[in-house]
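The values are calculated or read from the model by the stated rules, or taken from the named source; none is laboratory data. Here the structure is a predicted model, which is why all the values come from computation and not from measurement. Methodologically, a virtual Cβ is constructed for each residue, glycine included, from the backbone with ideal geometry; neighbour enumeration extends over all protein chains shown.
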Amino acid sequence: MLRQPTAERLRAMRLFGMAKAFEEQTEQALYDPMTFEERLGLLVDREATHRGAHLLAIRLAKAKLRQNAVYEDIDFKMARGLDRSLLLRLCEGDWIRHHENGIVTGPTGVGKSFIACALANKACRDGHSVLYTRAPRLFSELALARADGSHGRRLLALARFELLVIDDWGLAPMTHEHCRDFLEILDDRYERRSTLVASQVPVDQWHALLPDATIADAALDRLVHNAHRIVLSGESARKRRGILTNEATTTP
């Protein structure tokens, strides 16, 4: 049997998972009792698994998530008012398939970015295209794009992602230009794609952050009215860890 040439031909056809599984089948006696159909099915399953993992790695790389967060690692015991049922419902992904939005608010250090990245990670695992960005960087990049003539292309690129995560929204002052860009992003995505915004500022104070009241009305109407809201509270986890560390080092 031409085992090695067959494995090499599979790799040449970029069937890497199938090639690996084929080599295992020819080297391990436990596969000998299986029928041709059973062994072929295992080869196809391995190739499908390999391709799925490869595509997921590509989606995660393009997403540029700030944290390597997964929803399975979310701590529901932490006292921060996290609605477990709501979060688990969001992890099912229907809100993205229905082109709805998400909002995560709460004081610094309570895990907003982690939760946002965990939801984004789950979206990648479900096959969605995702991009994570921080609001200050996003508006800075759009300003540069406007200067070099690529502003329109940049907005089109943002509109293609099935989930856009904007973290640290409201952290820096918003200019009229930022305001217009924000409206353009949300208008392009309204009822076509999902947007997830994380912010330290409560939603009822967002309107005051936008210097143009008319644009603020239009932008927030497109974002807030169909958004699932996660409202966190409590003390900063980073602060608590620092206190515990200090106590540990000062204890005799």
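Restricted to the range 182-208, and to residues there that are more than 13 Å from Thr133 (Cβ to Cβ) and among the aliphatic types (A, V, I, L, M), the residue that is nearest to the chain's Cα centre (by Cα) is Leu186. Restricting attention to the range 78-86, does a residue exist that is assigned to a helix (DSSP H, G or I) and not small (Gly, Ala, Ser)? Yes, there is a match, as at least one residue in the range 78-86 is assigned to a helix (DSSP H, G or I) and not small (Gly, Ala, Ser). Taking each residue of the range 111-122 that is crowded, with 23+ Cβ neighbours inside 10 Å and looking for partners that are of a type in the set (D, E, K, R) and part of a helix (DSSP H, G or I) with beta-carbon atoms closer than 8 Å, six or more apart or interchain, yields Ala118/Asp73. For Arg97, state whether it is of a type in the set (D, E, K, R) and more than 21 Å from Ala219 (Cβ to Cβ). Spelling it out, Arg97 is indeed of a type in the set (D, E, K, R) and more than 21 Å from Ala219 (Cβ to Cβ). Note on the range 110-209: enclosed helices (runs of 4 or more DSSP H) holding 3 or more residues that are in the same structural domain as Val231 (by TED's automatic domain parsing) and basic (Lys, Arg) are 112-125, 151-160.
Of all residues in the range 156-181, which are buried (at least 17 other Cβ atoms within 10 Å of the Cβ), within 19 Å of the chain's Cα centre (by Cα) and at negative phi? Leu158, Phe161, Glu162, Leu163, Leu164, Val165, Ile166, Asp167, Trp169, listed by residue number. A residue that is of a type in the set (Val, Ile, Thr) and modelled with pLDDT of 85 or more cannot be found anywhere in the range 10-30. Among the residues examined, Lys77 does not qualify as of a type outside the set (Phe, Trp, Tyr), more than 20 Å from Leu186 (Cα to Cα) and either touching a residue at least 40 places away in the same chain (Cβ under 8 Å) or crowded, with 21+ Cβ neighbours inside 10 Å (or both).
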